[in-house]
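Accompanying notes for the structure given below.
The values are calculated or read from the model by the stated rules, or taken from the named source; none is laboratory data. In this text, all values refer to a predicted model and were calculated from it rather than measured experimentally. So basically every Cβ, Gly included, is an ideal-geometry build from the backbone, and we count neighbours across all protein chains shown. Heads up: the accessible areas ignore ligands, DNA and RNA and are worked out on the full protein's heavy atoms, side chains in. Shrake-Rupley method; radii C 1.70, N 1.55, O 1.52, S 1.80 Å.
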Amino acid sequence: PAGRKVELFNDHIFCELRAYAQVPDDFVNSGWDMNSLTAGGGKGGTLMAFVGEAYIVKELSQGDHKALLQVASGYGRHVRGGDTLICPIYLHFRDLDTKRFFFVMRNSVGRGPWKAFYDLKGCADDKLMEKDGEKVPAVHKRIWNVGMWCGQSSWTPARKRYYAGKVEARDIQIEMTKEQRESFLNALNRDTDWLASNRLMDYSLLVAIKEEPRDTASGGRGPSSLNLKPLTRRGANGEDISVYISIID
C-alpha cells in the first residue's frame, strides 16, 4: 500500500473478499500516501484518506486492531453468507516504519454533493453531516465551552446549525418501497445480531441521499447488493432519488 513495507493480517480472508468483489490486490498501492491522511471528523479524531472515490484507508487504534484480528474470520463468513449493510473491508495491515495499524474499506456511499447525509447511532450522537451540498461542521458543547451551557442565546450560528442538524437526524424518516423496507430490515437485523454476538458497539448507520438519474446510481460490486447499491425511487417532483445506506465502525 502506497509503496510502503507493511505486514498483512488475515489476508487469506480479505484476499477472498477482494476476489469475490473483483477488487485487484494492488488496489491501494497508489492514489494516496501517509501525508494525505486527515481527521475523519469523529470524536476519536481517527485519520483517514480517500483513494479515489472507491476506497478509504483508515487508521486503527491498538484496541480496534486487536478487535479486527479477533472477528475477521467471522466477518468473512457473515458478509458472504447473506445480505449485509456492513461496509466491505478488503485489507488490514501495519506500516512497518511507523508501526501504525490501518484497514481499507470500500466507500460504500460514494461521494457527494448530497441532498442530505446522516451519521446515525440511535442516540444523542446522531448528526447531519451535509445538507444540499454544504458540509455541516461539528460544533460540540464541550464542558470547557462554558458559554454554550448558558442557553442557546449564547450559541454561535455554526453551533445552532449543527444542533438543528442533530435534531433533524434524530427524527429522520427514509422513504422506501415495501420490498425495499423488507430487504433493508432483514439485512439490518442480521447485521446487528452479528455485531451484538461479537460484542461490537459504537458503529454508525450512514444514510446518504442524492438526486441523480437512476442509470448513474451505483456502488460497485460486492458480497451483497444492499450495502453497495442505492435504494432508488421517484421523488415528489419527478426527480430520481438514490438512498445509500451502510453500517461502518
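A few remarks follow.
Residue-by-condition table, conditions (1) outside any strand (DSSP E or B); (2) touching a residue at least 40 places away in the same chain (Cβ under 8 Å); (3) of a type in the set (Ser, Thr, Tyr):
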position	(1), (2), (3)
ALA49	no, no, no
GLU59	no, yes, no
ALA72	yes, yes, no
THR84	yes, yes, yes
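- Matching residues in the stretch 155-167 - criterion: being open to solvent by 60 Å² or more (accessible area, probe 1.4 Å) and within 21 Å of the chain's Cα centre (by Cα): none
- Looking only at the stretch 198-249, residues that are more than 15 Å from the chain's Cα centre (by Cα), within 15 Å of GLY112 (Cα to Cα) and either modelled with pLDDT of 75 or more or assigned to a strand (DSSP E or B) (or both) come to 4 in all.
- Residue check: VAL79 meets all listed conditions (1) open to solvent by less than 10 Å² (accessible area, probe 1.4 Å); (2) in a strand (DSSP E or B) but one, namely (2).
- Members of the stretch 1-44 that are surrounded by 13 or more Cβ atoms within 10 Å (Cβ to Cβ), part of a helix (DSSP H, G or I) and either free of Cβ contacts under 8 Å to residues at least 40 places away in the same chain or among the β-branched types (Val, Ile, Thr) (or both): ILE13, CYS15, SER36
- Every test in (1) touching a strand residue (DSSP E or B) at 6+ places or on another chain (Cβ under 8 Å); (2) within 23 Å of LEU120 (Cα to Cα) is passed by VAL23 save one, and that test is (2).
- Checked against the criterion of being open to solvent by 10 Å² or more (accessible area, probe 1.4 Å) and not hydroxyl-bearing (Ser, Thr, Tyr), the candidates VAL71, VAL57 yield just one match: VAL71.
- Leading residue by the ranking (most open to solvent (accessible area, probe 1.4 Å)) among those in the stretch 170-184 that are more than 13 Å from GLY82 (Cα to Cα) and assigned to a helix (DSSP H, G or I): LYS178
- Residue selected from the stretch 185-195 under the condition open to solvent by 70 Å² or more (accessible area, probe 1.4 Å) and free of Cβ contacts under 8 Å to residues at least 40 places away in the same chain, by the criterion nearest to GLY235 (Cα to Cα): ASN189
- Only one of the numbered conditions (1) of a type in the set (Ser, Thr, Tyr); (2) at pLDDT 95 or above; (3) out of contact with any helix residue (DSSP H, G or I) (no Cβ under 8 Å at 6 or more places or on another chain) is violated by THR98, and that is (3).
- Checking each residue in the stretch 114-157 for being acidic (Asp, Glu), modelled with pLDDT of 90 or more and under 19 Å from ASP249 (Cβ atoms) picks out ASP119, ASP126.
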